[in-house]
Amino acid sequence: MTIHHVSNYAEMCRKAANMISAQILLNPTCTLGLATGSTPIGIYERLADAYNKSDLDFSGITTFNLDEYCGLSENDPQGYYYYMNEQLFNKVNIDRAKAHVPNGTAGDIALECRRYEALITAAGGIDLQLLGIGNNGHIGFNEPSSAFEKDTHCVELDEETIIANARFFDNPDDVPRRAITMGIGTIMQAKKILLVANGEKKKEILQKALYGPITPMVPASILQLHPDLTVIWSDT
Ligand code: GLP
């Protein structure tokens, strides 16, 4: 595990964007795992800047997002597909056919989970997975539970997650109760993992995840077992 402790959010984003850029430059047809939430916004901004300066070409890459809310369509401003469009996809030359987000409106959610997992396998797995961490230690939407779930699956969101994510919705009652998420096995199979976290409110859970016991009650704690984990942690 490599930990970079930096002093501010801008520095965290710069370092993370550099690592993702290096991955794309080394392998222009690589597969990236992408995350949502407020933490990666500055990272996507820097990647879009690099594209505008002709330093990065996204045309050959494939991406898989970690998760999506059940019931929210691609056009829903609160959905993660919309978020990815706004934060990155609309700003760079990514091939939309190769930019994947689970379909939260699929008629058969179990089938959609299997389809998504199979797509990742068919792409040869993920070369670099970007991760944030939830206040309760979740990664993707893998919530604390009695066992680690291996593959892409449907989850009931924790009350704590619903409250934390209510800030993105006009009405807290609109926060979906279920989501599709890559499984812990899907995430752990990524060749490299880049975990980013910032601010005082994430400090305690990050400590638990990186130095505490490995337990499904702190889903991110499994990352201690990953052979190529980089953590970029910033105080603000
Ligand atoms: C969401 C996402 C996670 C993300 C986490 C942290 O629930 N499903 O992938 O890492 O919340 O979000 P934030 O970066 O806004 O703190």
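The values are calculated or read from the model by the stated rules, or taken from the named source; none is laboratory data. A quick note: this is a predicted structure, and the numbers were derived from the prediction, not measured. Ideal geometry is used to build each Cβ from the backbone, glycine not excepted, and the neighbour counts take in all protein chains shown. SASA here: full protein model, heavy atoms, side chains in, ligands and nucleic acids out. Shrake-Rupley method; radii C 1.70, N 1.55, O 1.52, S 1.80 Å.
For residue 176, the conditions (1) under 26 Å from residue 17 (Cβ atoms); (2) within 15 Å of the ligand (Cβ to nearest atom); (3) out of contact with any helix residue (DSSP H, G or I) (no Cβ under 8 Å at 6 or more places or on another chain); (4) open to solvent by 10 Å² or more (accessible area, probe 1.4 Å) all hold with the exception of (1).
Among the residues making up the stretch 15-56, those that are charged (D, E, K, R) and farther than 22 Å from residue 190 by Cβ are 45, 49, 53, 55. Could you please let me know if residue 184 is more than 23 Å from residue 80 (Cα to Cα), surrounded by 13 or more Cβ atoms within 10 Å (Cβ to Cβ) and not charged (D, E, K, R)? Spelling it out, it is not the case that residue 184 is more than 23 Å from residue 80 (Cα to Cα), surrounded by 13 or more Cβ atoms within 10 Å (Cβ to Cβ) and not charged (D, E, K, R). So is residue 193 within 13 Å of the ligand (Cβ to nearest atom) and more than 16 Å from the chain's Cα centre (by Cα) or not? Considered against the rule, which asks whether it is within 13 Å of the ligand (Cβ to nearest atom) and more than 16 Å from the chain's Cα centre (by Cα), residue 193 comes out as no. Every condition in (1) part of a loop (DSSP other than H, G, I, E, B); (2) within 15 Å of the ligand (Cβ to nearest atom); (3) open to solvent by less than 80 Å² (accessible area, probe 1.4 Å) is met by residue 151 except one, and the failing one is (2). Would it be correct to say that residue 34 is closer than 15 Å to residue 131 by Cβ and touching a residue at least 24 places away in the same chain (Cβ under 8 Å)? Yes; evaluated as a whole, the condition is true for this residue. Residues in the stretch 139-161 that are among the hydroxyl-bearing types (Ser, Thr, Tyr) and free of Cβ contacts under 8 Å to residues at least 60 places away in the same chain: 2 in all. Can you find a residue in the stretch 218-231 that is under 20 Å from residue 34 (Cβ atoms), open to solvent by 10 Å² or more (accessible area, probe 1.4 Å) and within 13 Å of the ligand (Cβ to nearest atom)? Checking the stretch 218-231: not a single residue is under 20 Å from residue 34 (Cβ atoms), open to solvent by 10 Å² or more (accessible area, probe 1.4 Å) and within 13 Å of the ligand (Cβ to nearest atom). Residues in the stretch 159-173: is at least one surrounded by 14 or more Cβ atoms within 10 Å (Cβ to Cβ), over 18 Å from the mean Cα position of the chain (by Cα) and either outside any helix (DSSP H, G or I) or more than 14 Å from the ligand (Cβ to nearest atom) (or both)? Yes - at least one qualifying residue is present in the stretch 159-173. Restricting the stretch 121-146 to residues that are over 20 Å from residue 47 (Cβ atoms) and outside any loop (DSSP other than H, G, I, E, B) leaves a set whose member that is farthest from the ligand (Cβ to nearest atom) is 122.
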